[in-house]
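> I have a structure I would like to understand better, so I am pasting it below and will then ask my questions one at a time.
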Amino acid sequence: METTNRIVKVPIQWSKVSDEEYKEIRVLAMKCASYGNELLNESYTRAKGLEQKFKREMETQQQTLNGQVPEEVWTLIQKGFRGVFSTYTDYSNDLSAAIRDAVGREVVGMWRRLGKDVLSGRQTLGRFSAGRALVIRDRGVRLERGENGLEMVLRLKPGTEPVTRLAIYVPPKDLYVKKTLERLEKEPGRINKGTVVFDRRNARKFSVFIAYEKEISDALKEGENAQVYVLSDGTMRVHCAGRTLSLSEYVYRATSMREHIARIHGRLRAHLGKLKQVKDRRRLSRKLSHTVSFEVWSEDWLHQLSRRVALFAVNNGAKDITWHIDQGVPELPWHQLQTMTSYKAGEYGITQIRAARAPKKALQKKTGAMRTKLKELLREG
């Protein structure tokens, strides 16, 4: 059966994470970032041939100053410069093999994606950030039953004994995450990687994302057709098998939040233009950069809404999903929503049909027809 890669966000119980555990994870994240950046430095210098160039220059300088510089001084100079071209810090006593292996794979992946552009000078390779750098390979991530029920077990330090256990709480209504975690508990071999991401707005919180392998069911040949209607006034409903699911509150919440975030950013930028002191401008610029953007906020919104649509289609025996989106709808990431709904529903064999938007000349006619159809479906439901 065909498989695909998926990512699930694991809900951690913050109240059961002690200060010592948090500090330990934070320190390891900083060391992980340092290790990744040193690997990037080494790979870049080797790729550019700078290491060989430096060695030739050192040999030339040593020959030029032969007898004028003591041997022990040359040894110190070479040791100091060697750190520029190799990973000279030993992290084997601080980071587990699962972390070091994962970081190495991340570096390889970055070079595969950006290598040509980096060497040509069109793009930078990037850096590891302590807030997103803590990655653990499959063997270092497990889901097990413990004192607090289902727990996430992370192998962060070298050796077999020291592990970090994090209590998990899954809301009763979130059946998608619950089923996913239960399956990964029974089949740990499906886990590919775990990533710890710290919250920029709350330094005390962090999230854990698990990348795993999932089988895709064969496309269903029989079943109902789920219809998703999104109208210009923000109305959003899903109809399938005589049942109707209203999702208009999601559209209203996202529209309101987008306007709210835009107002906050606008006020901060306006105030920034009035400041004359450099230190004040820098302070406000940092505050502006840490203010949440709509793109970041909408990530969770997209997951929630796409999950609601997919589960409604699955529970009502749908074989495909058809979208009807009016051209006057609020400006929200509808394309991303359709894509995320597609892969969530596709795991159960449901295909997705994106209905083409009507041309401008037919907009009024199409909108009227959509409203009429939706009213008929609501009366039937």
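The values are calculated or read from the model by the stated rules, or taken from the named source; none is laboratory data. Bear in mind that the values here come from a model prediction, so they are computed numbers and not experimental data. With ideal geometry, Cβ positions are generated from the backbone for all residues, glycine too; neighbour counts draw on all protein chains shown.
> Take V197 and decide whether it is more than 16 Å from the chain's Cα centre (by Cα) and of a type in the set (A, V, I, L, M). Walk me through how you get there before you give the answer.
Working: more than 16 Å from the chain's Cα centre (by Cα): no; of a type in the set (A, V, I, L, M): yes.
No; evaluated as a whole, the condition is false for this residue.
> From the list D90, D101, pick out the single residue that is at pLDDT 85 or above and more than 30 Å from D174 (Cα to Cα).
Numbers: D90 fails: at pLDDT 85 or above.
Answer to the check: D101.
> Within the range 258-277, can one find any residue that is at pLDDT below 85, outside any helix (DSSP H, G or I) and of a type outside the set (K, R)?
Yes, the range 258-277 contains a residue that is at pLDDT below 85, outside any helix (DSSP H, G or I) and of a type outside the set (K, R).
> Residues in the range 112-126: is at least one over 22 Å from the mean Cα position of the chain (by Cα), crowded, with 17+ Cβ neighbours inside 10 Å and farther than 30 Å from A310 by Cα?
Yes, because at least one residue in the range 112-126 is over 22 Å from the mean Cα position of the chain (by Cα), crowded, with 17+ Cβ neighbours inside 10 Å and farther than 30 Å from A310 by Cα.
> Residues that are at pLDDT 85 or above and either surrounded by fewer than 18 Cβ atoms within 10 Å (Cβ to Cβ) or not in a strand (DSSP E or B) (or both): does the range 129-143 have at least one?
Yes, that holds for at least one residue.
> While we're on this one: Any residue in the range 311-338 that is in contact (Cβ under 8 Å) with a residue 40 or more places away in the chain sitting within a Cβ distance under 8 Å of a residue that is surrounded by 21 or more Cβ atoms within 10 Å (Cβ to Cβ) and aromatic (F, W, Y)? List the pairs, counting only those 6 or more apart or interchain.
From the range 311-338, the pairs are H324/Y229.
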